[in-house]
Amino acid sequence: MFSPVAEDETRTRTIETGHLLLLLTPALLIILVLFGGGLLLGTLQALSSQPFTEKNALTFAHFTAVLADPDFATSFALTLYIATVSTLVAVIASVVVAISLVRCSAGNRVLNFFLQIPLTVPHLVIAISLLLLLAPTGILSRLCSFLGISKGAASFPLLVNDPYAIGILLTYIWKEIPFITFMILAVLKNSGNELNEVGRTLRANSWQRFRHITLPLIAPSLGAAGFIVFAFTFGAFEVPYLLGRTYPMVLPVWAYKNYTDIDLMARPEGIAIGLIIAAIATCSLLLSQGLMQLARRQREYPGE
C-alpha cells in the first residue's frame, strides 16, 4: 500500500505533468500537423498504384517491389552494418571515457570542453572534413607522400568511398561518443561513489566493481543512448551520400535516389524505402524510451 506522502507526491507529479502537456500543446499540434501530415501524404503515395494520376487505387505493389529487389538485401545489410558497428564502438568508447572522467578528472573543464566540440559540429561538416583529409588526393595522402611514407595517391589506403565504410564509421563514432558519454556521466555522478567504496571494502577488483556495480547502474541509460544512436545512424543520409560508395548504397541514399529520379513513377518506391527506414528507427526509439523509463524508475526507487 502507498503511504499518504507517496500518494501526495504522485498527485503532485500528475498535476505537473498535466500543466506541462498543456503548455506544450501548441508546439505538439504544429509538429503533429506537419510531421503527421507529411507521413500520411507519403504513405498514400507509397500505396498508390498510379500516383499523380486520376486513376488510382491503394496497393502494396511498391513495397513488394522494393522488398523483392535483389539490391534491397545488400543495401539493408550495409545499412545495418554501419549502424551496428558505429553504435557498438561508440558505446564501448563512451563507457571507457565516462569512467575515466569520473575517476581521474571529473572536474576538468578542459576535457569536458573538448568532449563537447563534436556535439556542436554538424555531421555534414565532419563528413566534408574527412573527405578532404582522408581522400586519396586529400591532405593526409599528400603529407604521407611528402614524408616518403607512401608513393602517392595510388598507394594510399582507401578510407572514403571504401567497401568497409571506414570514413562513415569514423564520422559517426567521433560524433556520437560525447552524446553517450554525457548520458553515462549523468548517471554516474547522480549515483555517487558509495557502492564502489563498498566494493573496495569487500576486496572486489576493478573488473568486479565494474561488472557488478557500475554496469548495472549505467545499463538502462547506456542501452537507451545506444538505441537512439542506432536509430539516427540507420536513417542518416548526408554522411553515406558523401563518403559512401555508389554501389551498394545504404537505404537512405537509395530512397533519396528514387525520390529524386526523373521518372516520377520511381518516387513511390523511394517513399516506401523511407517508410521502412522510419519503421525500424521508430522501433529502436521505442526500445530507447522503455530503457529510459527503467533508468528513471531505478533512480526514484533504487530498492526495487
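Within the stretch 192-209, the set of residues being in contact with a Leu (Cβ under 8 Å, 6 or more places away or on another chain) and at pLDDT 75 or above is empty.
Condition check ((1) at pLDDT below 90; (2) surrounded by fewer than 20 Cβ atoms within 10 Å (Cβ to Cβ)) across all residues:
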site	(1), (2)
S141	yes, no
S145	yes, yes
G148	yes, yes
L158	yes, yes
D162	yes, yes
I168	no, no
I177	no, no
F182	yes, yes
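Quick grid of which residues meet (1) under 20 Å from A278 (Cα atoms); (2) touching a Ser or Thr at 6+ places or on another chain (Cβ under 8 Å); (3) free of Cβ contacts under 8 Å to residues at least 12 places away in the same chain; (4) among the aliphatic types (A, V, I, L, M):
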| position | (1), (2), (3), (4) |
| --- | --- |
| I173 | no, yes, no, yes |
| I177 | no, yes, no, yes |
| E197 | no, no, yes, no |
| S206 | no, no, yes, no |
| I213 | no, no, no, yes |
| L217 | no, yes, no, yes |
| A236 | yes, no, no, yes |
| V239 | yes, yes, no, yes |
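For the stretch 147-154, state whether one or more residues are over 15 Å from I173 (Cβ atoms), among the β-branched types (V, I, T) and in a helix (DSSP H, G or I).
Of the stretch 147-154, the ones over 15 Å from I173 (Cβ atoms) are 147-154.
This time we only want the ones that are among the β-branched types (V, I, T), so: 149.
Filter again for in a helix (DSSP H, G or I), leaving none.
Scanning the stretch 147-154, I find no residue that is over 15 Å from I173 (Cβ atoms), among the β-branched types (V, I, T) and in a helix (DSSP H, G or I), so the answer is no.
Counting only residues that are modelled with pLDDT under 85 and either on the phi > 0 side of the Ramachandran plot or among the aromatic types (F, W, Y) (or both), the stretch 259-304 holds 1 of them. Test of understanding: among V250, V239, V229, which residue is within 25 Å of I92 (Cα to Cα), at pLDDT 85 or above and touching an Asp or Glu at 6+ places or on another chain (Cβ under 7 Å)? When all the criteria are applied, what remains is V229.
Select the helices (runs of 4 or more DSSP H) contained entirely in the stretch 195-289, then report the ones holding at least 1 residues which are charged (D, E, K, R). Reasoning before the result, please.
Working: elements: 206-209, 215-235, 238-243, 251-259.
Answer list for the stretch 195-289: 206-209, 238-243, 251-259.
What do you reckon, is T84 of a type in the set (S, T, Y) and within 27 Å of A278 (Cβ to Cβ)? Answer is yes for this residue. Annotation note: Cβ proximity below 6 Å between a residue of the stretch 273-285 that is touching a residue at least 12 places away in the same chain (Cβ under 8 Å) and surrounded by 15 or more Cβ atoms within 10 Å (Cβ to Cβ) and a residue that is not in a helix (DSSP H, G or I) and not hydrophobic (A, V, I, L, M, F, W, C) (sequence gap 6+ or interchain) occurs for no pair. When you check A73 against the structure, is it modelled with pLDDT of 85 or more and crowded, with 16+ Cβ neighbours inside 10 Å, yes or no? Criteria not met by A73. Show the residue pairs that are 6+ apart or on different chains and have beta-carbon atoms under 9 Å apart, the first residue being within the stretch 24-40 and more than 18 Å from G270 (Cα to Cα), the second being of a type outside the set (K, R) and surrounded by 10 or more Cβ atoms within 10 Å (Cβ to Cβ). Close Cβ pairs (under 9 Å, with a partner that is of a type outside the set (K, R) and surrounded by 10 or more Cβ atoms within 10 Å (Cβ to Cβ)) amount to L28/L21.
The values are calculated or read from the model by the stated rules, or taken from the named source; none is laboratory data. Only a predicted model underlies this, so the values are computations on that prediction, with no experimental measurement involved. A quick note on method: Cβ atoms are made from the backbone with ideal geometry, for glycine too, and the neighbour counts reach across all protein chains shown.
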